[in-house]
Structure formats: structure tokens, C-alpha cells
Amino acid sequence: MSASGGTKAIVAALAANLAIAVAKFVAFLFSGSSSMLAESVHSLADSGNQGLLLLGGKKAQREATPQHPFGYGRERYIYAFLVSIVLFSVGGMFAIYEGYEKIKDPHEIHAWYWPVGVLVFAIIAETFSFRTAIKESNAIRGGLSWTQFVRRAKAPELPVVLLEDLGALVGLILALGGVSLALATGDGVWDGIGTLCIGVLLIVIAIVLAAETKSLLLGESAGIEDVKKIEDAVVDGETVTRLIHMRTLHLGPEELLVAAKIAVRHDESASEVAHAINAAEERIRAAVPIARVIYLEPDIYDETAASNGVNPAKHPGGTGH
């Protein structure tokens, strides 16, 4: 994912959520709707989340240091994980608490035109933000389905914004449904039920985000396509005769570590092997530009040792031959 694409989607979502948060809170003050209060906190939490994503992107650009020799690319994963925590605690748990209180002590919604008008405005604004995130995602997701894109994306920003915007739109529909039923029946319990549904929705989205960003934090290998490109680039058929085994690891969304053991001919001189390694590194970087940290270890291929070596089926981030 390009940083510019992610930033554009984040800024669009931030602008929409700040405007919506203010409008929802004003509507709550005039109407007393708990759905509007829950939704205003939801939008405020989303605004904070987008701020966290921007901060993470900024911190990830710092240069490597002796203490952190591989740089700070994973800062983006850390802040994306914080987003899931904020969404769960501030958004989801608050909405469930507010919904429970409203069901326990329901009261009539006043000035109905405030919440309805604001919800319609919010749906329009969130649709614009969601459309921007979809457009930016379509530019990079290729033939992947949306589920595959969220699960496989190495850059966390667009999946986070996509899920947040989707949750916001569904939450707005739930809030509108709760308010409408409360107005139609004169029973404020429906407003509380709508608020509870919003809370459950936010918690589910937060759990999905936490699971995906946890995987990134632990360290994910390169995608299948990139692994194949690297395998094809390593071997030149002359000095480098085969790839014995390989491991890949994302140091950040746009920085990949490649560590491999390669087979060279037994009669090659040290200078010829060194030249072959340098050439292999150049081919890898040409094939996969984000492969910025590469360690290649030359070895003499042994059929017996290879048969007892790495099982590639258990290691999708590498290979064994």
C-alpha cells in the first residue's frame, strides 16, 4: 500500500468523523437520544483512531538507530493495534453501557428532527469517507476479495479505515432504526436497543482489527506472489544453482527482510561467490523493491541433508528444495 493512498483515506475519514461527532452531540443535547450520544462518542473515538494512524505513519518514518537497526516500520502496526483497543473500550463498551441504562430507564425522544436530520447528514458524510477508502483500496487490492484484502494487507491503514467506515455506516443505520422505532411507538426502549446493537457491532469490528494487527505485530512473511518472485530472482543457473531454503519477514508495510541459503558450485572462488551474491541481491530488489534487507548465505547443496531439511508446506513464508 502506498503511504499517500493510506493518508488520503485517513484524512477523509478524520474530516468526516470530526464534523459528524459535533453534529451528533448537538443532536443528543436537543433530543436526549442515547443512540445519538453513543454515536457521537463512536465518531469521536474514530477521529482519535485516525489521529493515531497518522501519528504511527509519522513515527514509522524515523531513521534506523543502533538500538533499532531495522528501523521503526512496525510503529504503524502498534498504532493500528491501539485503534482496535480504543474502538473496543471507548466506542463499544460505552455504547453497551449507555444502551443498558436507556433500556433500564427509557425516556421519550424530544425534538425528533435533530437526531433524524443529523443521522441523514452523517450517513452522507460517512458514505463519502467510505467511498474514498474503497477507491484507494481498489487501486492496490488487485484480484483479492475484500475479505482477503483485509486479511492479507501488510499496511494496516486502509483495512482499518475500511472497517471503521463500514462499522460507522451500519451503526448509523442501527441508530436511525432505533430512533425511528422509538418515535413511532413512543417507547424509548427501542432507542436503547439500537444503542446496544451499535456497541456489539463496534466490539466485533474491534476484535477483527485486533486479530489482524496482532498477526502483523508478531511478524508476517511476504505474500505468496512476492515469495515466488524472490525464488525466481535468486537462481541464475550459473553460480547460484538453487535456493536451499528461505525466510521472509515484514519489518514494516514497505520493508521486507529476506534471509536465504543458496547453493553455489563447489569449484567457484570466493570472489566469484561474492559477485554472485551481490548479483542475486540486485535481482531480488528489482523483482521485489520492498526487499531492502537481504542476507544470503552460500552453501554446497547436499541431497541427503536437503531431504531432512525444512518442510516448505509448514513454512509459507519460505521455501525448501
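The values are calculated or read from the model by the stated rules, or taken from the named source; none is laboratory data. Because the structure is predicted, anything quoted here is derived from the model rather than measured. Positions of Cβ are generated from backbone atoms using ideal geometry, with glycine treated the same way; all protein chains shown enter the neighbour counts. Areas reflect the complete protein model, heavy atoms only, side chains present, ligands, DNA and RNA absent. Shrake-Rupley method; radii C 1.70, N 1.55, O 1.52, S 1.80 Å.
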> Across region 240-272, what is the total count of residues that are touching a residue at least 40 places away in the same chain (Cβ under 8 Å) and of a type in the set (S, T, N, Q)?
Replying inline: 2
>> Would you confirm, using the coordinates I've provided, whether residue 203 is in contact with a Phe, Trp or Tyr (Cβ under 7 Å, 6 or more places away or on another chain), β-branched (Val, Ile, Thr) and farther than 16 Å from residue 127 by Cβ?
In response: yes
> Among the numbered criteria (1) under 24 Å from the mean Cα position of the chain (by Cα); (2) closer than 25 Å to residue 211 by Cα; (3) open to solvent by less than 60 Å² (accessible area, probe 1.4 Å), which single criterion is violated by residue 61?
Replying inline: (3)
> Considering region 130-159 alone, what residues qualify as being within 18 Å of residue 214 (Cα to Cα), part of a helix (DSSP H, G or I) and open to solvent by 20 Å² or more (accessible area, probe 1.4 Å)?
Replying inline: 147, 148, 150, 151, 152
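Does region 22-29 include one or more residues that are surrounded by fewer than 17 Cβ atoms within 10 Å (Cβ to Cβ), more than 28 Å from the chain's Cα centre (by Cα) and among the hydrophobic types (A, V, I, L, M, F, W, C)?
Of all residues in region 22-29, those surrounded by fewer than 17 Cβ atoms within 10 Å (Cβ to Cβ) come to 22, 26, 29.
With the extra rule that they be more than 28 Å from the chain's Cα centre (by Cα), the set shrinks to 26, 29.
Filter once more, keeping what is among the hydrophobic types (A, V, I, L, M, F, W, C): 26, 29.
Looking through region 22-29, at least one residue is surrounded by fewer than 17 Cβ atoms within 10 Å (Cβ to Cβ), more than 28 Å from the chain's Cα centre (by Cα) and among the hydrophobic types (A, V, I, L, M, F, W, C).
Residues in region 64-80 that are within 16 Å of the chain's Cα centre (by Cα) and part of a loop (DSSP other than H, G, I, E, B): how many? It would help to see each step written out before you state the result.
Going residue by residue through region 64-80, those that are within 16 Å of the chain's Cα centre (by Cα) are 73-80.
Okay, now just the ones that are also part of a loop (DSSP other than H, G, I, E, B), so 73-74.
Counting residues in region 64-80 that are within 16 Å of the chain's Cα centre (by Cα) and part of a loop (DSSP other than H, G, I, E, B) gives 2.
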> What tally of residues in region 99-114 results from selecting those that are assigned to a helix (DSSP H, G or I) and surrounded by fewer than 17 Cβ atoms within 10 Å (Cβ to Cβ)?
Replying inline: 4
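If the requirement is being at pLDDT 85 or above and open to solvent by less than 70 Å² (accessible area, probe 1.4 Å), which of these qualifies: 32, 48, 6?
Numbers: 32 fails: at pLDDT 85 or above; 6 fails: at pLDDT 85 or above.
One residue alone meets the criteria, 48.
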> From the list 166, 162, 209, which one is in contact with a helix residue (DSSP H, G or I) (Cβ under 8 Å, 6 or more places away or on another chain), within 17 Å of residue 83 (Cβ to Cβ) and open to solvent by 70 Å² or more (accessible area, probe 1.4 Å)?
Replying inline: 166
> Going through region 260-287 one residue at a time, which ones are part of a loop (DSSP other than H, G, I, E, B) and either surrounded by 13 or more Cβ atoms within 10 Å (Cβ to Cβ) or in contact with an Asp or Glu (Cβ under 7 Å, 6 or more places away or on another chain) (or both)?
Replying inline: 265, 268
>> Six or more apart or on different chains, Cβ atoms under 7 Å: show the pairs whose first residue is in region 175-186 and buried (at least 17 other Cβ atoms within 10 Å of the Cβ) and whose second is not in a helix (DSSP H, G or I).
In response: 179/33; 179/109; 182/109; 182/188; 183/109; 183/112
> Any chance region 189-203 includes a residue that's under 20 Å from the mean Cα position of the chain (by Cα), at pLDDT below 90, assigned to a helix (DSSP H, G or I) and buried (at least 23 other Cβ atoms within 10 Å of the Cβ)?
Replying inline: yes
> If you take the residues of region 241-254 that are under 16 Å from the mean Cα position of the chain (by Cα) and part of a strand (DSSP E or B), which of them is surrounded by the fewest Cβ atoms within 10 Å (Cβ to Cβ)?
Replying inline: 251
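I'm checking my understanding of the structure. Among residues of region 220-240 that are of a type in the set (A, V, I, L, M, F, W, C) and either in a loop (DSSP other than H, G, I, E, B) or touching a Phe, Trp or Tyr at 6+ places or on another chain (Cβ under 6 Å) (or both), which one is nearest to residue 269 (Cα to Cα)? Walk me through it before giving the result.
Filtering region 220-240 for residues of a type in the set (A, V, I, L, M, F, W, C) gives 222, 224, 227, 230, 233-235, 240.
Retained after the next criterion (residues that are either in a loop (DSSP other than H, G, I, E, B) or touching a Phe, Trp or Tyr at 6+ places or on another chain (Cβ under 6 Å) (or both)): 222, 235.
Numbers: 222: 32, 235: 18 Å.
Among those that are of a type in the set (A, V, I, L, M, F, W, C) and either in a loop (DSSP other than H, G, I, E, B) or touching a Phe, Trp or Tyr at 6+ places or on another chain (Cβ under 6 Å) (or both), it is 235.
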>> Of all residues being in contact (Cβ under 8 Å) with a residue 60 or more places away in the chain and of a type in the set (S, T, N, Q) in region 41-96, which is farthest from residue 256 (Cα to Cα)? Just the residue, please.
In response: 43
